[in-house]
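So the structure is just underneath, and the comments pick up after that.
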Amino acid sequence: MDFGVAGGAGGSEEAARRVRVRFTTKLGPPLRVPSAPLAVPSNLTRMGLSEIVNLLLENASAEHETQPFDFLIDGELVRLPLEEFLLAKGITAEKVLEIEYIKAVAPRKQQDPCLHDDWVSSVDGSDPSYILTGCYDGIARLWKGGAACTHVLVGHSGAITSAHIINGKADESENRFHIATGSKDRTLRLWKFDDAEHLEHPVNIREYKILQGHTSSVQSISSDPSGDMICSGSWDGSIKLWDVKSSEVQGDTVSIKKRKLVSDTANHVESQLEGVAASTLVGHSQSVSSVVWPERETIYSASWDHSVRQWDVQTGQETWNMACGKVLNCLDIGGESSALIAAGGSDPILRIWDPRKPGTLAPVFQFSSHSSWISACKWHCKSWFHLLSASYDGKVMLWDLRTAWPLAITDSHKEKVLCADWWKNDSVISGGADSKLLICSGVSIQ
């Protein structure tokens, strides 16, 4: 079969040249095309290839709805006209070329923004029903379905810099949340509450415990996989570990005392717990901007001292130290075998390292499409290849390790983007200096 379509990149002479291809896919039967070889113009871009696949699917089923596809040749995404791609990769076109097609990764819908009173500095999308946000007005909020604010967490006296759902919901059967927040007021605060009751108006929640010990702003919070402990990185250069499981029981490693609070509305007196850290990890010389606790015995940290470090939780000792030459704002662990380190900071480049490779500290991937500092990065939990980044340039970008170009760019924020995360595996959430939480959905990750 011979195809001539409009999605090319050259004149009639180039369009006259043909390449024999066979389309393959791991997608289900409704999206599988015949395996017979086809002759297609050699100057086709991925848009032209997508047009052909959609035509073949329409021929097989009149109910098929046109959708965008991406294409892989020898495991790499095609981002050049076909002939240029083959030439750049040294691939011969003398035999039938196998091209795998996958669903294109790009948001297909944007919800109305959720408005805040100040900068949105933190988002957590780990719960499929709610989004947690932290704001510079000192308040954390839960948004049900990414639309209605149902819970308002009030207590901090300074801007919230990090808001984290500890291990998702503490108990799915009881619909209980366990949340940690960090602030420029130098404290962390713990919150527990039930979401079972439908609320027409936001309900104010008070913290049940204040964690003190940092001497400067708390910048980042992460919990261990069990949800028994959390760690925090601070502008004071330290990382502190906190036991949240025994939060209401006196223990050997956590000193707890009660503080009495007088309500603003009555002479009601509440008991409030305070706690100190179980241990402190010391080694960074400047602000610890990001911490991640992916495994029980291992913590990773990124700092303004230009380093990424790995820590042994049991000994409290640093086990790996990599200097990258840039102030770092964000860090995440994921990718192949959850072993790759992604980080961004004071330049437009998102860098990825593989610490399993001995003898080199050079990044294995570098993505440079942003035009300003990178503020956030996050791996997709279901994919070895996909991650997102956010930047002060006002953009959120989706990446695939199999190409150097971003898969998609969203630029709906009108000012700096300060935070971003995945939500429900198919949505991207972000917050920024425009005081908005934005939700872009319909992202297909395979």
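The values are calculated or read from the model by the stated rules, or taken from the named source; none is laboratory data. In this text the structure is predicted, and so the values were computed from the model without any measurement. For neighbour counting, all protein chains shown are included, and Cβ atoms are generated from backbone atoms with ideal geometry for every residue, glycine included. For accessibility, only protein heavy atoms count, side chains too; no ligands or nucleic acids. Shrake-Rupley method; radii C 1.70, N 1.55, O 1.52, S 1.80 Å.
Annotation: for a label point projected 7 angstrom from Cα along Cα→Cβ of R18, residues of the stretch 40-74 with backbone N closer than 14 Å are 40-43. Between K26 and D354, the contour length at 0.36 nm per residue exceeds the alpha carbon distance by 115.3 nm.
Take every pair of alpha-carbon atoms less than 8 Å apart whose residues are at least six positions apart; their mean separation over the length of the chain yields a relative contact order of 12 percent.
Put a plus charge on the Cβ of each Lys and Arg, a minus charge on the Cβ of each Asp and Glu, and nothing anywhere else: the dipole of the stretch 394-436 about its Cα centre is then about 40 debye. Between T319 and S371, the simple label model (points 7 Å from Cα in the Cβ direction) yields a spacing of 4.3 nm.
A Förster radius of 25 Å combined with the Cβ-Cβ distance from V203 to K382 puts the calculated FRET efficiency at roughly 0.15.
The solvent-accessible area of W379, taken with every protein chain present and a 1.4 Å probe, is close to 10 Å². For the chain, adding -39500 (n - 2.57) for each run of n ≥ 4 DSSP H residues and dividing by the number of residues yields -2000 deg cm²/dmol at 222 nm.
Taken about its Cα centre, the chain carries a charge dipole of about 400 debye when Lys and Arg each add +1 at the Cβ and Asp and Glu each add -1 at the Cβ. Taking the 1.4 Å solvent-accessible surface of the chain as the whole, the part contributed by carbon and sulfur is 48%.
Quick one: of the DSSP bridges fully inside the chain, what percent are antiparallel, nearest 5? Here the antiparallel bridges make up roughly 90 percent for the chain. Cα gyration tensor of the stretch 68-209, axes a ≥ b ≥ c as square roots of the eigenvalues: rounded (a/c below 1.5), prolate (a/b > b/c) or oblate? Prolate is the answer for the stretch 68-209, as a/c is 1.5 or above and a/b outweighs b/c. Between E65 and Q111, the modelled labels are 1.9 nm apart [label points 7 Å from Cα along Cα→Cβ]. Compared with the direct C-alpha span, the chain from R176 to V96 gains 23.1 nm at full extension, assuming 0.36 nm per residue. Each residue was assigned an accessible area with a 1.4 Å probe, and for E100 the value is about 40 Å². Counting only alpha carbon atoms, the long axis of helix 46-60 and the longest principal axis of the chain meet at about 80°. A straight chain from S157 to R296 at 0.36 nm per residue would run longer than the Cα-Cα distance by 46.9 nm. Rolling a 1.4 Å probe over the protein chains gives I349 an accessible area of about 40 Å². Each of S50, I374, G90 was placed along the dipole of the chain (beta-carbon charges, centred on the mean Cα), and the one lying farthest toward the positive end is G90. Among R186, R79, R176, the order of accessible area from largest down is R186, R176, R79, computed with a 1.4 Å probe on protein heavy atoms.
In the context of the full set of protein chains, the chain has a per residue accessible area of 45 Å² (1.4 Å probe). Comparing mean-square fluctuations of Q67, Q219, Q110 from a GNM of the chain with C-alpha springs under 10 Å, the top value falls on Q67. Cα-based values for the stretch 69-136, radius of gyration first and Dmax second, are 20.9, 62 Å.
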